[in-house]
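First up is the structure itself, then whatever we jot down about it.
The values are calculated or read from the model by the stated rules, or taken from the named source; none is laboratory data. Computed from a prediction, not measured in an experiment: that's the story for all the values here. Quick reminder, even Gly has a Cβ in these numbers, built from the backbone with ideal geometry, and neighbours come from all protein chains shown.
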Amino acid sequence: MQSSFAVAGINRRDHTIMKESGYPAATKQAEPTINGSERVVNGSTRPSRTRKFDKEEAALIERLKAGDQQALETIFDLYSPKLYNVAHRILGEAADTEEAIQDVFLTAYRKAKTFRGDSQFSTWLYRLTINAALRRIRRSKKNKQVEYEEFLPKFQEDGHHLDRPVVDWSNALDENYAKREIQQLLNEALEQLKPIDKSVVVLSDLEGLCDKEIAAALAITVSAVKTRLHRARLFLRGKLAVRLGHSAA
Amino acid sequence: MAERKKGQKILTNKTCKQMTDLILDYLNDKLSPAVKRDFQQHLKICPDCVNFLSTYKKTVSVSRSIRSEEIPPRVRNNILNFLRLRTRKSGTSS
């Protein structure tokens, strides 16, 4: 059964970064709203949670806590697209992702009573998803992660960049590769991140959660989120630079 | 550290390394006005940092444009069937 109200808690955040940098808008998504209309969800038009949504969500959670199977299915319909994407990006394997998502919703059903509303319900679900994904990675012997150092910027003793001049390859990336190829390049680099760093990048740059929400979902501090996000982005940047024949430094 | 150009009166007191450390907060508009001013001042005289910032932003924009992985209908049905079965067994279904 498809609920009529929006997944307001897991829309993209208002990216201040876009105002500053002129980034292209995050992927536009038209999502169903509480009254059935659609609204564009991107950087500057993130909808705020409405009272009606909060009431409906609260009622749904209460039904879940009472063991209502239909409430579980409604929650599944609302949240599974986002959570599946997150799990798949972290795990990279469809079979693992399916199992992880099964675990997430079964855990949500069984442990609903432990959700006390200290965070948004969506954040709680993200946390279950990250835990399920990381648990599978720990069990798996597959490990694609590499040492970051080679792909991070390096500096001289006086603070200058080590390899100068630093080349702006951002336009060359678009000129030399099709969009699909660029995404493939980045996906390969993402797979080489440490699982916790990959989780931060996925929740931040792919899902658009704010630092505070990511911190709650990963049970780490906001400061740790920022540190990991920045280092991961530097690594991804270095991977792209090297791929284009330039120095990561 | 950015080099002072001849006749330039304003010096930046940020090194390129410090600039790199500040990029995340700069892009999120979280720098204090004084540090932001310093950051922007450095950019005016350091093409290396301008180019580094451009490629950092490009990396983020590429990340943000990655297509969402959609849940295949067969997988969706598998999971729903799994959940129905497991929650029925628990005896708490409505």
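Give the number of residues within the stretch B:11-42 that are touching a helix residue (DSSP H, G or I) at 6+ places or on another chain (Cβ under 9 Å) and either within 9 Å of chain A (Cβ to nearest Cβ) or under 17 Å from A:F155 (Cβ atoms) (or both).
Adding up the residues that qualify gives 20.
Across the stretch A:66-115, what is the number of residues that are under 14 Å from the mean Cα position of the chain (by Cα) and in a helix (DSSP H, G or I)? Don't jump to the end; show me each part of the working.
Within the stretch A:66-115, the subset under 14 Å from the mean Cα position of the chain (by Cα) is A:79-92.
Now restrict to residues that are in a helix (DSSP H, G or I): A:79-91.
Selection size over the stretch A:66-115: 13.
Looking for whichever is under 27 Å from B:Q18 (Cα atoms), over 20 Å from the mean Cα position of the chain (by Cα), at pLDDT 90 or above and among the aliphatic types (A, V, I, L, M) here; the options are A:V146, A:V167, A:V200, A:V225. Which one fits?
Details: A:V146 fails: at pLDDT 90 or above; A:V200 fails: over 20 Å from the mean Cα position of the chain (by Cα); A:V225 fails: over 20 Å from the mean Cα position of the chain (by Cα).
Within the list A:V146, A:V167, A:V200, A:V225, the selection yields A:V167.
Taking B:S68 as the residue in question, decide whether it is over 30 Å from A:Q70 (Cβ atoms) and either surrounded by fewer than 16 Cβ atoms within 10 Å (Cβ to Cβ) or small (G, A, S) (or both).
Numbers: over 30 Å from A:Q70 (Cβ atoms): no; either surrounded by fewer than 16 Cβ atoms within 10 Å (Cβ to Cβ) or small (G, A, S) (or both): yes.
No; evaluated as a whole, the condition is false for this residue.
Just give me the residues in the stretch A:61-87 being surrounded by fewer than 23 Cβ atoms within 10 Å (Cβ to Cβ) and more than 15 Å from A:S122 (Cβ to Cβ), in sequence order.
Passing the criteria: A:E62, A:R63, A:K65, A:A66, A:G67, A:D68, A:Q69, A:Q70, A:A71, A:E73.
Which of the residues that make up the stretch A:151-174 are out of contact with any helix residue (DSSP H, G or I) (no Cβ under 7 Å at 6 or more places or on another chain) and either assigned by TED's automatic domain parsing to the domain that holds A:H88 or without any contact (Cβ under 8 Å) to a residue 40 or more places away in the chain (or both)?
Across the stretch A:151-174, the qualifying residues are A:Q156, A:E157, A:D158, A:N171, A:D174.
Check the stretch A:117-134 and report whether any residue there is more than 12 Å from A:I75 (Cβ to Cβ), surrounded by fewer than 21 Cβ atoms within 10 Å (Cβ to Cβ) and among the hydrophobic types (A, V, I, L, M, F, W, C).
Yes; the residues of the stretch A:117-134 include at least one that is more than 12 Å from A:I75 (Cβ to Cβ), surrounded by fewer than 21 Cβ atoms within 10 Å (Cβ to Cβ) and among the hydrophobic types (A, V, I, L, M, F, W, C).
For the stretch A:175-213, name all the residues that are free of Cβ contacts under 8 Å to residues at least 60 places away in the same chain and closer than 16 Å to A:L128 by Cα.
Looking only at the stretch A:175-213, we keep the residues that are free of Cβ contacts under 8 Å to residues at least 60 places away in the same chain, and these are A:175, A:177-189, A:192-194, A:197, A:200-201, A:204-205, A:211-212.
Correct list: A:V200 only.
I'd like to know if the stretch B:43-63 contains one or more residues that are more than 7 Å from every other protein chain (Cβ to nearest Cβ) and of a type in the set (F, W, Y).
no
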